[in-house]
Amino acid sequence: MLPRILVAALCGVGLSLAFEPVAQPVVIPLCIAGFALCCRGLRLRSGWVPALAFGIGFQWVHLFWMRAVGPDAWLALATVEAVFIALLGSLTTVLVRHRWWPLWVAAGWTTIEVWRSGWPFSGMPWGRLAFATADTFVADSLPWIGSVGVSFVLALSGTLLAWLVVARGRERRLAAGLLAGLVAVSLLPVAVSWQGERSGTAVVAAVQGDVPGDGDDILYDYRQVTQNHVDVTTRLADDVAAGREPAPDFVVWPENSTAIDPFRDQQTNAGILAASDAIGEPILVGAIVDAGPDHVLNQGIVWDPVTGAGDRYTKRHPVPFGEYIPARQFFTRQFGRLAEIPRDMLSGTRSEPLTIAGVRVADSICFDVAYDDGIYAQVSRGAEMLTVQTSNATFIHTDQIDQQFAITRLRAIETGRWLVVASTNGVTGVIAPDGTVVASAEPRTQAALVEQVDLVSSVTPAVRIGPWSGRILAGLTAVGLVLALVPYRRTRARQAAEDTPQPTGVAGGEESRSE
């Protein structure tokens, strides 16, 4: 067991290297193969042990940026995510009993990935295998099969590699053929790339105003944060008037560009009004809005220079224990530090895209970009482009900003749409549907990026499939468990019957007595 634990932990650390900042996804098949081999041959009650070591090695390294919130937050979150992988380890010990176990284990990996991305408390999608594929040929499959499908393909490549290692003779040749076939099929989207149908163009400006001080505390001087975005927008208006920049159709400000309710705070309201008057076009403002004495909303508000505040998107996935406290009375008693979050952020439910200057826009706020539901819902209902409003100030000195930007690029590929991301102090950028970064601003600087983007009306197969890919893989996992357990139980029952001593027959007994 000890060698299994050590190898599994090393494979888990290796898997973290597939993501930013190292970004070497070539390790994914090797690490998944190592995981499968470390669990193979163990019993259900012990398979979780090396799997937990794998999960700790992976999640503790991958989520190391969470230490910016605190070591306790980092260890708690990473360990909870590792427990999901431990459960997968026990499932793997059962699934490998069937001949076609590489298929079932890959489906199980993806099922657990989907599960932990949505539960508990809306889950944590960081570390999905698909999120490591920026700048690889595998990313070309995203418009066709989505993030869930790509994760499954990557997991299957690892399980087939593990099968190739342990198989012998004809079975090894079969494993090699299937692995080669998977690679060949994965290359098809490179030759047959998805092309969306254009419905027009728009000029969009993304504003990065920067955060005062060390840059990692949005509330340190929240009024100056808002003023920075007003100033950058006003300077952009001067550049437009002088002919140095094209006039934008609308402007995107980041999440927390106003960290106080702009409907209640006159100074903030006046700043937004001044910026929108100067540029003369709508601004998608990121604002914290009061929702009674105990709750707040994190919103993207379309602020028109003539009509004022209008259409709004509310963040779908507030961060548990960061933006709201589940079971508040219990957890604040156990962890007094949580009482520093006085109000709970409510979740949004909007499925319709925003309409900004006549453009249908699918908005996401910060971590929303890592979840499938909100983006899929808005794109399937007619969104022509994507925006992401984010405030990464808390993590500005960590690798989180690069990991999130990589996820953002993959969302552009997956939906086949241009994407504009505005951040308070990094990373702000404009991304083409193939994932190319057309323009970006350096972290901790002030900038206004102005780019013309194409609007796309057609919907990718990945968005049309939606959550069904995850449901199908969960079904495959269940089928694999049944196929593995039923013959196993029958074999155990037969062995038990054979090992049971046979009772002495009647004739034998009579013979003994006569003797």
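The values are calculated or read from the model by the stated rules, or taken from the named source; none is laboratory data. Predicted model, so just to flag it, every value in this text is computed and none were measured. Cβ placement follows ideal geometry from the backbone for every residue including glycine, while neighbour counts extend to all protein chains displayed. Note: accessible area is taken over every heavy atom of the protein model, side chains too, but ligands, DNA and RNA are not part of it. Shrake-Rupley method; radii C 1.70, N 1.55, O 1.52, S 1.80 Å.
Does Phe19 meet the test of being outside any helix (DSSP H, G or I), hydrophobic (A, V, I, L, M, F, W, C) and crowded, with 22+ Cβ neighbours inside 10 Å?
When the stated conditions are applied, Phe19 passes them.
Residue-by-condition table, conditions (1) acidic (Asp, Glu); (2) modelled with pLDDT of 95 or more; (3) within 18 Å of Ala155 (Cα to Cα); (4) crowded, with 22+ Cβ neighbours inside 10 Å:
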| position | (1), (2), (3), (4) |
| --- | --- |
| Ile5 | no, yes, no, no |
| Val26 | no, yes, yes, no |
| Cys31 | no, yes, yes, yes |
| Ala36 | no, yes, yes, yes |
| Ala51 | no, yes, yes, yes |
| Gly55 | no, yes, yes, yes |
| Gln59 | no, yes, yes, yes |
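What number of residues within the stretch 443-462 are under 15 Å from Val207 (Cα atoms), charged (D, E, K, R) and either outside any loop (DSSP other than H, G, I, E, B) or open to solvent by less than 40 Å² (accessible area, probe 1.4 Å) (or both)?
Looking only at that region, the number is 1.
Filter the stretch 182-225 down to the residues that are of a type in the set (Asp, Glu) and either over 22 Å from Leu449 (Cα atoms) or out of contact with any helix residue (DSSP H, G or I) (no Cβ under 8 Å at 6 or more places or on another chain) (or both) and list them by number.
Glu197, Asp214, Asp216, Asp217, Asp221, listed by residue number.
Within the stretch 393-442, track down each residue that is open to solvent by 10 Å² or more (accessible area, probe 1.4 Å), in contact with a Pro (Cβ under 7 Å, 6 or more places away or on another chain) and either of a type in the set (Gly, Ala, Ser) or more than 15 Å from Pro21 (Cβ to Cβ) (or both).
Ile413, Trp418
If Tyr376 passes every condition in (1) touching a strand residue (DSSP E or B) at 6+ places or on another chain (Cβ under 7 Å); (2) hydroxyl-bearing (Ser, Thr, Tyr); (3) buried (at least 22 other Cβ atoms within 10 Å of the Cβ) but one, which one does it miss?
Here Tyr376 clears every test but (1).
Tally time: how many residues in the stretch 233-276 are part of a loop (DSSP other than H, G, I, E, B), open to solvent by 30 Å² or more (accessible area, probe 1.4 Å) and of a type outside the set (D, E, K, R)?
Matching residues across the stretch 233-276 total 6.
Can you tell me which residue in the stretch 277-298 is nearest to Thr355 (Cα to Cα), limited to those that are touching a helix residue (DSSP H, G or I) at 6+ places or on another chain (Cβ under 6 Å) and in a helix (DSSP H, G or I)?
Step by step, filter the stretch 277-298, then rank; the result is Ile279.
Say whether the condition of being touching a strand residue (DSSP E or B) at 6+ places or on another chain (Cβ under 7 Å) and more than 19 Å from Pro461 (Cα to Cα) is met by at least one residue in the stretch 176-190.
Within the stretch 176-190, not a single residue is touching a strand residue (DSSP E or B) at 6+ places or on another chain (Cβ under 7 Å) and more than 19 Å from Pro461 (Cα to Cα).
Confirm whether Gly14 is in contact with a Cys (Cβ under 6 Å, 6 or more places away or on another chain) and modelled with pLDDT of 95 or more.
Judged against the criteria, Gly14 is a match.
For (1) modelled with pLDDT of 95 or more; (2) open to solvent by less than 10 Å² (accessible area, probe 1.4 Å); (3) within 20 Å of Thr460 (Cβ to Cβ); (4) not basic (Lys, Arg), each residue gets a yes or a no:
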| site | (1), (2), (3), (4) |
| --- | --- |
| Val105 | yes, yes, no, yes |
| Thr110 | yes, yes, yes, yes |
| Val114 | yes, no, yes, yes |
| Pro125 | yes, yes, yes, yes |
| Ala139 | yes, yes, yes, yes |
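Inspect all residues belonging to the stretch 401-419 and state whether any of them is without any contact (Cβ under 8 Å) to a residue 24 or more places away in the chain and either farther than 19 Å from Thr258 by Cβ or among the aliphatic types (A, V, I, L, M) (or both).
No; the residues of the stretch 401-419 include none that is without any contact (Cβ under 8 Å) to a residue 24 or more places away in the chain and either farther than 19 Å from Thr258 by Cβ or among the aliphatic types (A, V, I, L, M) (or both).
Assess whether Ala155 counts as being farther than 30 Å from Ala393 by Cβ, exposed (fewer than 14 other Cβ atoms within 10 Å of the Cβ) and at pLDDT 95 or above.
no
Among the numbered conditions (1) of a type outside the set (Lys, Arg); (2) part of a loop (DSSP other than H, G, I, E, B); (3) over 30 Å from Ala484 (Cα atoms), tell me where Pro189 comes up short.
(2)
For the stretch 299-330, what are the residues that are assigned to a helix (DSSP H, G or I) and touching a residue at least 12 places away in the same chain (Cβ under 8 Å)?
Arg328
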